[in-house]
1. Within 14 Å, Cβ to Cβ, of residue 123, how many net charges do the neighbouring residues add up to if Lys/Arg are +1 and Asp/Glu are -1?
2. Please list, in order along the range 100-107, the HN-Hα scalar couplings obtained from phi with the Karplus expression 6.51 cos²θ - 1.76 cosθ + 1.60 (θ = phi - 60°), rounded to whole Hz, x for Gly and Pro.
3. Quick one: Cα centre-to-centre distance for the range 87-118 and the range 1-66, in angstrom?
4. Just how large is the dipole of the range 46-110 about the Cα centre, in debye to the nearest 20, putting +1 at every Lys and Arg Cβ and -1 at every Asp and Glu Cβ?
5. Which whole-Hz ³J(HN,Hα) couplings does the range 90-97 yield from phi under the Karplus relation 6.51 cos²θ - 1.76 cosθ + 1.60, θ = phi - 60°, glycine and proline marked x?
6. Among 30-39, 60-69, 79-88, how do they line up by average Cβ neighbours within 10 Å per residue, starting with the highest?
7. Which of the peptides 132-138, 143-149 is most tightly packed, and how do the rest follow, going by the mean number of other Cβ atoms within 10 Å of each residue?
Amino acid sequence: MSGLLDLLNSPMGKQLISGVAGQTQQPENKTADVLSMAMPLLLGAMKKNVSSPDGAAGLMSALSGKHDGSILNDLGSLFGGGVDDSVMQDGAGILGHVFGNKQPQVENALSQKSGLDAGSVAQILKIAAPIVMGFLGKQTAQSNVSDSNGMNALLGSMLGGQPQENQSLITTLLDADGDGSILDDVAGMVMGSNKKKGGLGGLLGGLFGK
């Protein structure tokens, strides 16, 4: 099973980082930092969403159609002439669906953590979201995932193949106060500034070997 760490460290990941950096006019090292934090947040939020039958059905439908992984087949052309507007709009739609009204908090938190302005972070997220969906779509097909339990397990393994207790911890941190809102207090969560929650920043740092 390919995890996110494998993706970012692979030739495809390096091409992704380089392409996104070029598109957003940002340094590759900072772009890589944003992607390494944003991708598990995207997958963690999706994992939370598939806990409901409707959320799981919606994600499965998207993955079997538009987000089947074909976007990964030619990243060179995706970035070659600049990322197409339709891809950016698709990314914006995915972010809105996954993060909801917490999206500005996510962008601000990643901005503070990476040192890039929130506008650049927003652009990076819009490009990353369809690629994360494509990666997930490809893994879904390869693993013959067909229900919410399978999708939940797949997302868990992609989040770094962590033991179940760590997966529960990530899920708990993504919904810090247990009210069902995925990214409450995401700024404190990503920055690792809230002592009570132990700092997801450190946890993700462990996942990504940073």
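Each value in this text was obtained by applying a stated rule to the coordinates, not by laboratory testing. What you see is a predicted model; the values in this text were computed from it and never measured. Every residue, glycine among them, receives a Cβ derived from its backbone with ideal geometry; neighbour counts consider all protein chains shown.
1. On the way: positive: 30, 126; negative: 84, 85, 90, 107, 117.
Cβ neighbours under 14 Å give a net charge of -3.
2. Rounded to whole hertz, the list is x, 6, 8, 4, x, 5, 4, 5.
3. Result: 12 Å between the Cα centres.
4. Working: 4 positive and 7 negative charges, 71 e Å.
Once rounded to the nearest 20, the dipole reads 340 debye.
5. Karplus-based 3J(HN,Hα) across the range 90-97 equals 4, x, 4, x, 4, 4, x, 6 Hz.
6. Numbers: 30-39: 23.1, 60-69: 16.2, 79-88: 12.8.
Highest mean packing first, the order is 30-39, 60-69, 79-88.
7. Working: 132-138: 22.9, 143-149: 13.4.
Ranking, from highest mean packing down: 132-138, 143-149.
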